[in-house]
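Let me begin by presenting the structure, written as structure tokens, before commenting on it.
The values are calculated or read from the model by the stated rules, or taken from the named source; none is laboratory data. Owing to the predicted nature of the structure, the values given are computational and were not obtained by experimental measurement. Here the Cβ positions follow ideal geometry from the backbone for every residue, glycine too, while neighbour counts run over all protein chains shown. Each accessible area value is taken on the protein alone, full model and side chains, heavy atoms only, with ligands, DNA and RNA left out. Shrake-Rupley method; radii C 1.70, N 1.55, O 1.52, S 1.80 Å.
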Amino acid sequence: MSSRIDVSIEHKKAPEPEGRGRHPNTCPGCESHYRDDELDANFWVCPQCGHHFPMRAPARIAHLADEGSFVESAAELRSEDPLSFFDLRPYTERLSEAEMSTGLGEAMVTGQAAIEGRPCELAVMDFAFMGGSMGSVVGEKLSRSCDAAAERGVPVVAVTASGGARMQEGILSLMQLPKTVCAVEDLHDAGGAFFTVMAHPTTAGVLASFASLGDVVVAEPGALIAFTGPRVVQQTTREKLPDDFGLSEQNLRFGHLDAIVPRHELRPYLARLLRLFGDGPG
């Protein structure tokens with residue numbers, strides 16, 4: 001009789017289902033508990049152990065962009081329901097719920113910004129909006145950011161946090177992979193630069209498209225960066241995986257990243273990149 005292999009593993013950093021498990025402001029690394037204002041003052045990083053909590057797109061933009069410099073673009077775009085998709089609930093209902101709970105129109109916020117005085121286009125994903133999934137509007141927003149950056153002669157800074165393509169849009173969501181890849185390549189052809197900051201988690205279709213195409217690709221500590229999560233891989237291969245499987249530290253060792261940059265150091269790091277690459281075509 002063949003022995004059974006225990007494949008019931010999950011990363012400690014994997015998001016827990018809402019309404020179950022620990023309080024969202026309890027650090028999974030050291031069990032310290034914080035108020036929202038305490039975490040916000042520390043850029044949503046645990047002061048005790050350095051664990052990086054998920055950071056919402058508006059807070060991320062406020063952290064990275066110079067005060068008063070961010071001008072949102074394509075804010076009016078909203079996803080439609082071309083497939084009349086229905087799982088347990090209609091897709092339109094899920095979209096409305098996501099907008100109500102997050103205050104965002106989509107899983108990506110884009111716009112003009114400056115970081116320490118250097119202009120750029122910012123494209124920031126928010127995992128709280130349907131798992132940061134990439135549908136037609138996310139792909140369109142990223143493409144418009146690349147077009148605007150090429151026209152202005154400035155780089156694009158993309159912060160990713162996504163579970164991948166949005167299943168409710170079927171093949172239309174998968175079409176965003178080549179669309180965003182072409183948008184980044186057009187930016188490169190125009191002499192522009194593209195920088196990626198991978199936050200937890202960056203997976204599946206987003207990792208397999210524009211997220212991996214940065215001229216410089218960095219990640220936050222402990223971020224899950226893998227096409228498929230560890231539980232699915234272990235169930236499929238029936239092999240024991242390393243403890244850091246798919247995390248940013250393993251990706252750095254394998255050469256998939258240029259650096260791991262803690263959140264407190266991210267703004268000056270990006271400012272240096274913008275000074276090095278930000279002169280535009282020519």
*Quick one: is Gly205 more than 22 Å from Ile61 (Cα to Cα) and either buried (at least 24 other Cβ atoms within 10 Å of the Cβ) or modelled with pLDDT under 95 (or both)?*
yes
*So which of Leu142, Leu172 ends up being modelled with pLDDT of 95 or more and hydrophobic (A, V, I, L, M, F, W, C)?*
Leu142
*Is there a residue being open to solvent by 40 Å² or more (accessible area, probe 1.4 Å), in contact with a Gly (Cβ under 6 Å, 6 or more places away or on another chain) and not in a helix (DSSP H, G or I) anywhere in segment 141-157?*
no
*Within segment 168-176, is even one residue in a loop (DSSP other than H, G, I, E, B), open to solvent by 10 Å² or more (accessible area, probe 1.4 Å) and without any contact (Cβ under 8 Å) to a residue 40 or more places away in the chain?*
yes
*What do you reckon, is Leu213 open to solvent by 40 Å² or more (accessible area, probe 1.4 Å), under 26 Å from Arg267 (Cα atoms) and of a type outside the set (D, E, K, R)?*
yes
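Quick one: would you say Arg238 is open to solvent by 70 Å² or more (accessible area, probe 1.4 Å), more than 30 Å from Ala114 (Cα to Cα) and in contact with an Asp or Glu (Cβ under 8 Å, 6 or more places away or on another chain)? Working first, answer last.
On the way: open to solvent by 70 Å² or more (accessible area, probe 1.4 Å): yes; more than 30 Å from Ala114 (Cα to Cα): yes; in contact with an Asp or Glu (Cβ under 8 Å, 6 or more places away or on another chain): no.
So Arg238 fails the test.
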